[in-house]
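The values are calculated or read from the model by the stated rules, or taken from the named source; none is laboratory data. On a predicted model such as this, the values are computed, not experimentally measured, just so you know. Cβ placement follows ideal geometry from the backbone for every residue including glycine, while neighbour counts extend to all protein chains displayed.
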Amino acid sequence: MSYETITVEQRDAVTLITLNRPKSLNALNSQVLDDLIDAFGKFEADASQRCAVLTGSGDKAFAAGADIKEMSEKAAADFYLDDFFGKWTSEIVKKVRKPWIAAVNGFALGGGCELAMMADFIIASENAKFGQPEIKLGVAPGMGGSQRLTRAVGKAKAMEMCLTGRMMGAEEAERANLVARVVPQDDLLDEAMKSAALIAGMPPMAAVANKEMVNAAFETGLDQGIIFERRLFQILTASEDKAEGMAAFIEKREGNWKGR
Ligand code: CO8
């Protein structure tokens with residue numbers, strides 16, 4: 001299927017989704033959201049696909065934010081009554097249970113930073129720049145940035161970035177735990193695809209459960225989170241892949257996963 005604002009490619013068990021509006025630094029408009037919802041929905045539904053990578057086309061940006069030109073034409077009632085951009089969280093974060101990685105090259109600003117933070121983790125290239133500069137436009141983050149950035153880097157840096165619009169470079173972002181890893185710009189896609197292939201080679205049910213339990217750390221108290229983890233662990237012990245994984249270890253061979 002071809003899309004207006006993104007490209008999608010399957011490489012073995014990894015789906016590569018690329019934001020493809022390089023002339024506007026991959027700014028996120030309503031069409032991008034619709035296209036991404038469709039692409040992520042297909043990725044989630046396709047049993048042959050086990051991990052995804054989201055990146056931006058061109059060498060300047062992952063995404064420079066929500067499309068300011070589109071937003072400039074809307075009134076408050078349009079944003080509110082249409083629940084503008086409300087579907088990012090419900091359709092892309094909540095419904096996608098399989099793991100996906102954001103490969104961030106260049107600018108990840110405003111909604112672009114917020115989209116990257118929706119991923120299970122971020123791999124950044126050395127020229128990546130993260131920021132929430134919405135205040136300069138008279139607004140504020142609106143796709144989860146004030147919450148996810150604060151959870152990732154803590155109050156001091158999140159507050160400074162939101163209040164001043166200062167961008168954070170890749171090295172600082174790694175120190176601040178916003179990104180999992182920084183790699184040379186030329187290696188970004190290869191490294192992200194390698195990580196994704198590694199995840200895609202894991203027992204699929206265990207991958208979903210691992211993702212769910214780490215995410216629970218952001219949504220529950222410690223005691224509840226630990227119970228949730230233990231219950232998921234106990235469910236996994238009933239899977240065919242648990243029997244296969246342990247047998248494969250003992251027999252010194254690779255596991256052959258059933259996904260159940
Ligand atoms: N929206 C639309 N177009 C954009 C955007 C954007 N966010 N960013 C860049 N562009 C366009 C420029 O207008 C320009 O287009 P043209 O060639 O037609 O003039 C083209 O991309 C290239 O950009 P620049 O010439 O500005 O490139 P520079 O290298 O000089 O600067 C920057 C790069 C620093 C990234 C600069 O473009 C910039 O500051 N961009 C805007 C960044 C920004 O403010 N982002 C936040 C947007 S607001 C937001 O994301 C809110 C999210 C929450 C919404 C939720 C609603 C509920």
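When you check Val53 against the structure, is it assigned by TED's automatic domain parsing to the domain that holds Phe85, more than 12 Å from the ligand (Cβ to nearest atom) and buried (at least 19 other Cβ atoms within 10 Å of the Cβ), yes or no?
Here the answer is yes, as Val53 does meet what is asked.
Please tell me if Thr164 is in the same structural domain as Ala66 (by TED's automatic domain parsing), touching a Gly at 6+ places or on another chain (Cβ under 7 Å), without any contact (Cβ under 8 Å) to a residue 60 or more places away in the chain and within 15 Å of the ligand (Cβ to nearest atom).
On the way: in the same structural domain as Ala66 (by TED's automatic domain parsing): yes; touching a Gly at 6+ places or on another chain (Cβ under 7 Å): no; without any contact (Cβ under 8 Å) to a residue 60 or more places away in the chain: yes; within 15 Å of the ligand (Cβ to nearest atom): yes.
No; evaluated as a whole, the condition is false for this residue.
Residue-wise test of (1) farther than 30 Å from Glu171 by Cβ; (2) touching a Leu at 6+ places or on another chain (Cβ under 7 Å); (3) crowded, with 18+ Cβ neighbours inside 10 Å.
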| residue | (1), (2), (3) |
| --- | --- |
| Gln185 | no, no, no |
| Leu188 | no, no, yes |
| Ala192 | no, no, yes |
| Ser195 | no, no, yes |
| Ala207 | no, no, yes |
| Glu219 | no, no, no |
| Gly225 | yes, no, no |
| Ile235 | yes, no, no |
| Lys242 | yes, yes, no |
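From Met117, Met143, Met159, grab the single residue that is within 9 Å of the ligand (Cβ to nearest atom), at pLDDT 95 or above and either more than 14 Å from Ala176 (Cβ to Cβ) or assigned to a helix (DSSP H, G or I) (or both).
On the way: Met117 fails: within 9 Å of the ligand (Cβ to nearest atom); Met159 fails: within 9 Å of the ligand (Cβ to nearest atom).
Residue meeting the stated conditions: Met143.
Assess whether Lys129 counts as being over 15 Å from the mean Cα position of the chain (by Cα), within 13 Å of the ligand (Cβ to nearest atom) and crowded, with 19+ Cβ neighbours inside 10 Å. I'd like the intermediate steps shown before the answer.
Working: over 15 Å from the mean Cα position of the chain (by Cα): yes; within 13 Å of the ligand (Cβ to nearest atom): yes; crowded, with 19+ Cβ neighbours inside 10 Å: yes.
Criteria met by Lys129.
Any idea which of (1) within 12 Å of the ligand (Cβ to nearest atom); (2) buried (at least 17 other Cβ atoms within 10 Å of the Cβ) is the one Gly138 doesn't satisfy?
Evaluating Gly138 over (1) within 12 Å of the ligand (Cβ to nearest atom); (2) buried (at least 17 other Cβ atoms within 10 Å of the Cβ) leaves (2) as the failure.
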